[in-house]
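Bear in mind that the values in this text are calculations on the coordinates, not laboratory data. Quick caveat: nothing in here was measured; it's all calculated off a predicted structure. Don't worry about glycine lacking a Cβ; one is built from the backbone with ideal geometry, like all the others, and counts go over all protein chains shown.
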Amino acid sequence: MSIAGAIHQGPDIALSVVVPCYNEQAVIDELVARLTATCEGQFAGRYEIVLVNDGSADRTWELICHHAGVSPAIVGVDLSRNHGHQLALTAGLNEARGELVLVIDADLQDPPELLPRMLDKLGEGYDVVYGQRVERHGESRFKRATAAGFYRLLDRLIDIPIPRDTGDFRLMTRRVVDHLNAMPERYRFVRGMVSWVGFRQTGIPYERDPRFAGETHYSLSQMLALAFDGITSFSTLPLRLASHLGLAFGAAGIGALGWVLVSYLRRGTVTGWASLIAVILILGSVQLMILGVIGEYLGRMYLEAKQRPLFIVREIRRGDGRAAAASEQAVAR
């Protein structure tokens, strides 16, 4: 029997849907309605929807609590502050109890109605089925271009293959999620971590919808930070590049020294103080850039060495009447 077939007949919680939420009061009702309709059609009461409130400043947590009080399938996880999308996702993965776990964003750009197709693929023996975007509706040309450039750059920089044009929207088996939860790093790039874990993985092409409501909460600086986390988490190439730049400019400096010496022996005059200052500034900036790259890696090692919890859970609300909350629960893996 296939994995999907066994799960359809098996555990009490067959599917967990993990949804990080940050200031999503405009979409929570529609999100819960569409997820409930999709999950009910596949698992008929044997599922849970884990909504992780990542320190929202609006009514997101209030609405999550309302739905948890109405539906036994809703699990609300309230973090103590805004930890960021990837750590909120990690908190949801730690709370998920299902044999299958679907990860989806709250903005409904990734349609939950793809779940049946994902389950069909899972039934073919895969452990991870991810959504692969063939079209991104409602996004600017700049965002589409930068996203495409990032995935192609990442493909060249790291040793593990991360599928292009994918986000965190994916369906995973329990053994993949258990391995993810056992990985302790603070600077998490979850889609890269899923690729690193391995097992059989495949994609489903789909067209990404515009946001259902509201505005994106992912600023350019946050996208750049996520990209940097992805590169530094899975590649030491920036450090090697810094070494190569140092060697190249060192060779150029030796060449310039030779030119000065030859000019002196010929009793020529070395003119052009402006060009000399320019060379000094270039070399100085390259040195500072190299120190910055090294410092970034060292800083991350320093923060990892502290072994602080990845996130703190302030409260958990369950709609099934079990375990009202773990108040101020610190979670570290």
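Details
- J(HN,Hα) series, region 80-87, from Karplus relation 6.51 cos²θ - 1.76 cosθ + 1.60, nearest Hz, glycine and proline x: 5, 7, 6, 9, x, 4, 5, 6
- Net +/- balance of residues flanking V52 in space, Cβ distance below 9 Å, scoring K and R +1, D and E -1: -3
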